[in-house]
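See below for the structure under consideration.
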Amino acid sequence: MLPDGRLVFTYCDEKTVKVFNIEGAKDFEVKIPFGAFDIEYIGVNSIPAVTSGASDKQCLTIIDLERKLIKKTISLSSDNYGIRISVSQKGISCFMVTFSQSCGVCDLRLITKPCIVWCTECDEGLCKECQEHHRLSKASRNHSVIPFTDYEKLPTDVLKISQYCSKHNKKFEMFCQKHEHPCCSKCIVESHKECRDIVDLDDVIKNYETPNALFEIEKTLVEVADNLQKIRQRQHDNMSTLKEKRKEIEKEIKKTRTEISNYLDKLQEDLMKQLNAIEEKENSKIVQLLSSIEKKEKEVEECQKNIINIKQHATNLQMFLSVKQIEEDVSSKDKFLNSLFEGEDLNQHFMEFEINGVFQKIMFDIKSFGDVHIEEKPADIVLSRKKAKEAQIIVPIVQSRSIENIKMKINKKINLQGKRIYGCCMLPDGRLVFTYNREGKVSVFNYQG
């Protein structure tokens, strides 16, 4: 409830925050693109802060009630659920409930232990004791496990790939080639009854040459990185050429200036301003292009690292299902290159200067010292290209002084010894209260945890 009596609610499934007046009529709503789980308002200005829960992007969203829109998004390092904010003379404190990965077997026994390995078959983490039992059990002794630290190195999109259907909680067994999507037994009955190209998922993974596909993507990334390097070097060379040419023109202007009367002082000044302005303008364009290129280079490097981690640590299913997304990312970078090459951004720019030869009528006819202009020539960069484009792979808190200065930092971590802790609040005496959904209880902690 806001100080003015209005009520604010978060709609998790709809990713919406709705505000109602005291009569219960909806005032307005704001769409939250990254999810809306819990809400709390900051200070006397009643600025709502909304947690994202387990959404694709881990963040805290700040809403401007006066303008009825999102004011700021603060990135966080983990999923966040319940939130409470405390304002004191020391500043603003924000308490949020987050989850850490714990042993899946121990969770079922209402015991919280950190996992040390990840079973790719069971799709859950295991603590040291459960790992030993898992290794000896007949049903799971052949399962593949990897250190949890290696599992965490996988890209976020790959980590979200599960072997189980999110709708029916059953393991994927088949693959619909028409929709290019894995299916559980219920999915086939409910959504793919008319599909004829349904094959065994294990057969698809076995026959699909995922390493070769990743190898081709890596080759394309190397090619894109090489082309970006060529463009970057050529733009640096263009800047050097512009600088040298500017120096030549300056010398010519000054030489000419010494040969004529003081009447030309003003004209020289005007021309020098024009010269520097043109160079600055062209350099600005090049610097902007270089910034885009460097950004793409970093994206390419990050994509290359992700592929290495996928090849080393991802399951075949994760590797298989992530290839298409990686292909789209690489394709967008390739399109970026093509757009540069097909446009005018890579044209070479040269400054030229022409001296006005009619000095006999200088006092009457000459209105400018000369003219500086840019001559554009098509870029002579030869991009590295494959022999032929490969066919698309087909599958058989907020500080009260200013909302703009928000900086989040962890003040204290408390081990809550539980899972699915959705709500939290702070009592006037500083104690913290948390709700445990699975255990059906409310626990009260002192400030020290």
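The values are calculated or read from the model by the stated rules, or taken from the named source; none is laboratory data. Quick caveat, the model's predicted, so the values are computed rather than measured. Note: ideal-geometry Cβ built from the backbone for every residue, glycine included; neighbour counts use all protein chains shown.
Taken over the range 251-263, the residue count meeting the criterion of being exposed (fewer than 15 other Cβ atoms within 10 Å of the Cβ) and not basic (Lys, Arg) is 6. Summed over the range 39-50, residues that are in contact with a Ser or Thr (Cβ under 8 Å, 6 or more places away or on another chain) and modelled with pLDDT of 80 or more total 3. The set of residues from the range 101-119 being part of a strand (DSSP E or B) and among the polar types (S, T, N, Q) comprises just one member, SER102. Take GLU66 and tell me if it is surrounded by fewer than 19 Cβ atoms within 10 Å (Cβ to Cβ), charged (D, E, K, R), modelled with pLDDT of 80 or more and not assigned by TED's automatic domain parsing to the domain that holds PRO428. No; evaluated as a whole, the condition is false for this residue.
Within the bounds of the range 430-444, is there any residue that is over 30 Å from ILE205 (Cβ atoms), at pLDDT 75 or above, assigned to a loop (DSSP other than H, G, I, E, B) and in contact with a Gly (Cβ under 8 Å, 6 or more places away or on another chain)? Checking the range 430-444: at least one residue is over 30 Å from ILE205 (Cβ atoms), at pLDDT 75 or above, assigned to a loop (DSSP other than H, G, I, E, B) and in contact with a Gly (Cβ under 8 Å, 6 or more places away or on another chain). Considering each residue of the range 422-429 in turn, at least one proves to be small (Gly, Ala, Ser), within 23 Å of LEU108 (Cα to Cα), in contact with a strand residue (DSSP E or B) (Cβ under 6 Å, 6 or more places away or on another chain) and modelled with pLDDT of 75 or more.
Within the range 164-182, take every residue that is crowded, with 18+ Cβ neighbours inside 10 Å and touching a Leu at 6+ places or on another chain (Cβ under 8 Å) and give me the one that is farthest from LYS193 (Cα to Cα). Before you say what the answer is, go through the steps one by one.
Our first condition is that a residue be crowded, with 18+ Cβ neighbours inside 10 Å; within the range 164-182, this holds for 172, 174-176, 182.
From the residues that got through so far, the ones that are touching a Leu at 6+ places or on another chain (Cβ under 8 Å) too are 172, 174-175, 182.
Working: PHE172: 16, MET174: 13, PHE175: 13, PRO182: 14 Å.
Among residues in the range 164-182 that are crowded, with 18+ Cβ neighbours inside 10 Å and touching a Leu at 6+ places or on another chain (Cβ under 8 Å), the one farthest from LYS193 (Cα to Cα) is PHE172.
Polar (S, T, N, Q), assigned to a helix (DSSP H, G or I) and within 22 Å of the chain's Cα centre (by Cα) - does that describe any residue in the range 268-287? Among the residues of the range 268-287, not one is polar (S, T, N, Q), assigned to a helix (DSSP H, G or I) and within 22 Å of the chain's Cα centre (by Cα), which makes the answer no. Scanning the range 126-149 for residues that are surrounded by 15 or more Cβ atoms within 10 Å (Cβ to Cβ) and either within 26 Å of the chain's Cα centre (by Cα) or among the acidic types (Asp, Glu) (or both) turns up at least one hit.
Any residue at all in the range 197-208 that's in a loop (DSSP other than H, G, I, E, B) and either at pLDDT 90 or above or touching a helix residue (DSSP H, G or I) at 6+ places or on another chain (Cβ under 8 Å) (or both)?
Step one: of the range 197-208, the residues in a loop (DSSP other than H, G, I, E, B) are 197, 208.
Next, only the ones that are either at pLDDT 90 or above or touching a helix residue (DSSP H, G or I) at 6+ places or on another chain (Cβ under 8 Å) (or both) stay: 208.
Among the residues of the range 197-208, at least one is in a loop (DSSP other than H, G, I, E, B) and either at pLDDT 90 or above or touching a helix residue (DSSP H, G or I) at 6+ places or on another chain (Cβ under 8 Å) (or both), which makes the answer yes.
Among the residues of the range 350-396, the ones that are at pLDDT below 75, surrounded by 11 or more Cβ atoms within 10 Å (Cβ to Cβ), out of contact with any Lys or Arg (no Cβ under 8 Å at 6 or more places or on another chain) and among the aliphatic types (A, V, I, L, M) come to 4 in all. Assessment of the range 219-237 against the conditions (surrounded by 17 or more Cβ atoms within 10 Å (Cβ to Cβ), more than 27 Å from the chain's Cα centre (by Cα), under 23 Å from VAL300 (Cβ atoms) and assigned by TED's automatic domain parsing to the domain that holds GLU301) yields at least one matching residue.
Does LYS285 satisfy the criteria of being closer than 15 Å to LEU346 by Cα and not β-branched (Val, Ile, Thr)? Spelling it out, LYS285 is indeed closer than 15 Å to LEU346 by Cα and not β-branched (Val, Ile, Thr).
Please specify each residue of the range 150-181 satisfying the condition of being part of a loop (DSSP other than H, G, I, E, B), charged (D, E, K, R) and either more than 20 Å from the chain's Cα centre (by Cα) or modelled with pLDDT of 85 or more (or both). Don't jump to the end; show me each part of the working.
Initially, the range 150-181 is screened for residues part of a loop (DSSP other than H, G, I, E, B), giving 152-155, 160-163, 165-170, 172-173, 177-180.
When the remaining residues are screened for being charged (D, E, K, R), the result is 152-153, 160, 167, 170, 173, 178, 180.
Across the range 150-181, the qualifying residues are LYS167, LYS170, GLU173, LYS178, GLU180.
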